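Here is the structure we will look at, set down as structure tokens.
The values are calculated or read from the model by the stated rules, or taken from the named source; none is laboratory data. Here the structure is a predicted model, which means the values were calculated and not measured. Note that each Cβ is placed from the backbone with ideal geometry, even for glycine, and that neighbours are counted across all protein chains shown. Remember, those area values only see protein heavy atoms, side chains included, never the ligands or the DNA or RNA. Shrake-Rupley method; radii C 1.70, N 1.55, O 1.52, S 1.80 Å.
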Amino acid sequence: MRVQSQKIIEASKARLEDTYAELRRRNEELRISLDHAKVSESTKLEFLAMMSHELKTPLNSIIGFSDAAIHQVHGPIVGPYASYFENIHTASRHLMGIITSLLDMASLDQPSPTIHPNKEAVEHLIEEAVQLADPGAHANELDLSGLLPKTDHMVYCDHLRARQILINLIGNAMKFTPAKGKIGIDVETRPENMVAITVWDIGIGIPSDKLPRIFEKFYQVEQNVPSRGGAGTGLGLSISRHLARLMGGDLAVTSIQGKGSRFYPYPSWGIHRKNCLKNIVFFRALWPPRGSKGTLWSRGLGLIIKALTGTHRHKIAYGSPMIDPFGRHISYLRVSVTDRCDFRCVYCMAEDMDFLPKAEVLTLEELNCLCSAFVTLGVRKLRITGGEPLVRKNIMQLLENLSRHLKTGDLEELTITTNGSQLSRYAADLARIGVRRINVSLDTLDREKFRAITRWGDLDKVLAGVEAAREAGLSVKVNVVALKGVNEDEYDAMIRWCGERGFDMTLIETMPLGDITGDRTDQYLPLSLVRANLERRWTLEDSEHRTGGPARYVRVAETGRYLGFITPLTHNFCESCNRVRLTCTGTLFMCLGQEDAADLRIPLRAGADDTALLDAIREAIARKPKGHDFIIDRRNKRPALARHMSVTGG
């Protein structure tokens with residue numbers, strides 16, 4: 001037995017020695033291959049430099065000679081020779097463009113590209129790019145009056161790479177804008193001391209099904225309108241995106257076929273926070289000129305798009321949207337900006353609440369960064385909630401910053417859910433920044449009941465706020481939590497009251513969240529019974545009306561307004577859930593009714609760029625459950641979850 005074991009050991013030892021020898025041999029082969037690769041890389045660089053000189057030098061001579069002949073510098077050109085020189089000049093420039101693109105792409109593929117950020121004047125940067133893009137050749141065919149905006153901004157960027165991006169985008173716009181079309185550049189001051197530069201055209205646009213591929217190497221969109229200067233290589237946009245990414249940013253586009261396109265390069269040099277993702281921004285401004293306002297979305301193509309197509313949903317080439325494991329597209333983010341509230345509603349909070357220490361709450365800047373990251377990943381609707389969001393100090397600063405995504409078209413809607421107590425103060429400002437509609441939580445029109453439900457709320461103050469919202473032009477939807485034995489006798493009056501004021505209304509089943517120091521089973525009222533009772537007095541017509549949330553609507557024929565039902569218990573809405581919830585501490589809940597969550601505060605604060613944050617968001621979406629497990633526990637009379645509704649937002 002011992003002899004047999006010894007033989008096995010010896011055999012194993014021999015195999016290990018053979019394996020070790022094989023590994024050493026392969027390691028040596030890899031070392032030799034690496035040496036060869038380094039030599040090849042050096043040879044490639046030398047070849048590129050030589051080709052750049054050998055090809056471009058004679059071509060520049062041909063271009064210069066033909067240009068001199070066309071302009072008759074050395075005397076008149078007679079007969080057909082003028083057209084010959086025109087053809088030579090056009091073909092030479094086209095060939096120069098192809099060679100330049102190929103050499104640029106080859107040089108960008110180097111493993112360690114060099115970045116040289118410096119202080120630059122935006123106006124000078126644009127002037128250089130416009131001059132090198134040579135718009136003069138098309139001055140008689142295109143309206144180029146918007147190409148040289150006046151600005152005193154200074155930015156921090158890599159001069160050569162930023163200029164090349166602009167050259168490529170201007171050239172692309174000129175190439176595919178038909179006669180009498182218009183090309184321009186907007187320079188806009190953004191929040192947090194940023195400057196955005198946008199290259200736009202009123203041209204033929206890009207078909208929406210082609211947008212996802214336009215940044216691929218050698219990809220060219222087939223167009224009915226012939227391009228100026230030939231077909232090109234299909235590398236200009238790919239090179240521009242590559243350059244933007246080298247500088248820590250990206251290149252995005254919005255376009256409508258037949259209307260035009262807007263290209264947004266946004267490398268992020270000089271951002272003062274390590275990982276604050278700036279959606280559609282170009283450079284950090286070193287010092288914006290005093291009193292400057294920049295040019296806003298109302299200029300250029302944006303004005304024409306809004307006039308001709310209304311609230312068009314722009315297609316943006318940002319990458320794949322967020323899809324959860326059950327194929328649901330996550331396009332709606334609800335953000336609780338505070339857990340504090342000036343009410344203590346009996347179904348939402350305990351009377352003696354312990355709120356989060358302020359040190360644990362994200363700053364407004366951090367909330368802005370997180371929301372912007374979600375917009376980049378495909379979120380189209382942002383709802384700001386609390387607690388009561390309007391009691392958060394400087395809340396309008398956050399809302400105004402987020403409203404920039406409405407101006408660029410990246411966000412369809414920015415809205416808010418409020419108890420109405422602060423609306424008299426903020427309604428006009430909300431309308432001014434682009435908020436179109438709000439939800440107001442209002443469970444009764446009876447003053448005594450209102451004070452009992454909210455514990456210390458002032459109904460008159462809320463009603464005044466609602467009226468201020470209506471006068472400001474905001475669309476108002478009233479949310480009513482159905483409370484058995486409390487407000488179930490008021491639904492008729494509230495439907496009538498909302499109808500008279502042009503408000504929609506939604507009834508909501510109480511949700512088993514948080515210890516509220518009371519018996520939740522006594523509050524629960526199934527909305528299936530409520531609807532059946534309402535149908536005895538009102539004509540409720542089925543409707544396909546949707547607002548992006550979980551409510552299912554009917555139209556009340558007598559008032560012409562919509563009545564919604566949110567039924568997390570009697571008929572959950574999980575199969576179509578497109579929402580996730582972000583708390584004021586940076587915790588992402590993929591489902592309101594589950595405890596699984598992702599801490600986004602860590603990647604937000606720790607990363608050198610936004611990669612870790614975006615990866616953390618996608619990983620969280622990959623864990624989104626199929627549905628919640630809400631149930632009213634009548635036996636133990638306890639909530640399904642200990643977390644209060646005010647933590648994740650109503």
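A few comments on the model shown:
- Checking each residue in the range 474-501 for being of a type outside the set (Ser, Thr, Tyr), modelled with pLDDT of 95 or more and open to solvent by less than 30 Å² (accessible area, probe 1.4 Å) picks out Leu474, Val476, Lys477, Val478, Asn479, Val480, Glu490, Met494, Ile495, Cys498, Gly499.
- For the range 159-175, a residue qualifies if it is open to solvent by 40 Å² or more (accessible area, probe 1.4 Å) and either acidic (Asp, Glu) or in contact (Cβ under 8 Å) with a residue 60 or more places away in the chain (or both), and the qualifying residues are Arg161, Gln164, Asn172.
- Qualifying strands (runs of 3 or more DSSP E) (wholly inside the range 85-170; at least 1 residues being touching a Pro at 6+ places or on another chain (Cβ under 6 Å) and at pLDDT below 80): 143-146, 154-158
- Across the range 600-646, the number of residues qualifying as at pLDDT 50 or above, closer than 24 Å to Cys574 by Cα, in contact with a helix residue (DSSP H, G or I) (Cβ under 8 Å, 6 or more places away or on another chain) and open to solvent by 60 Å² or more (accessible area, probe 1.4 Å) comes to 1.
- Selection status of Val462, open to solvent by less than 10 Å² (accessible area, probe 1.4 Å), modelled with pLDDT of 95 or more and either touching a strand residue (DSSP E or B) at 6+ places or on another chain (Cβ under 7 Å) or of a type in the set (Gly, Ala, Ser) (or both): no
- If only residues of the range 357-371 that are part of a helix (DSSP H, G or I) and out of contact with any helix residue (DSSP H, G or I) (no Cβ under 7 Å at 6 or more places or on another chain) are counted, the one that is nearest to Gly409 (Cα to Cα) is Glu365.
- Residues that are free of Cβ contacts under 8 Å to residues at least 24 places away in the same chain, open to solvent by less than 90 Å² (accessible area, probe 1.4 Å), more than 20 Å from Ile438 (Cα to Cα) and in contact with a strand residue (DSSP E or B) (Cβ under 8 Å, 6 or more places away or on another chain), drawn from the range 529-559: Thr539, Leu540, Glu541, Ser543, Ala557
- With respect to the stated conditions, Asp354 is modelled with pLDDT under 80 and more than 18 Å from the chain's Cα centre (by Cα).
- Test: residue in the range 563-580 that is more than 27 Å from Ala622 (Cβ to Cβ), in a strand (DSSP E or B), touching a residue at least 60 places away in the same chain (Cβ under 8 Å) and not β-branched (Val, Ile, Thr): yes
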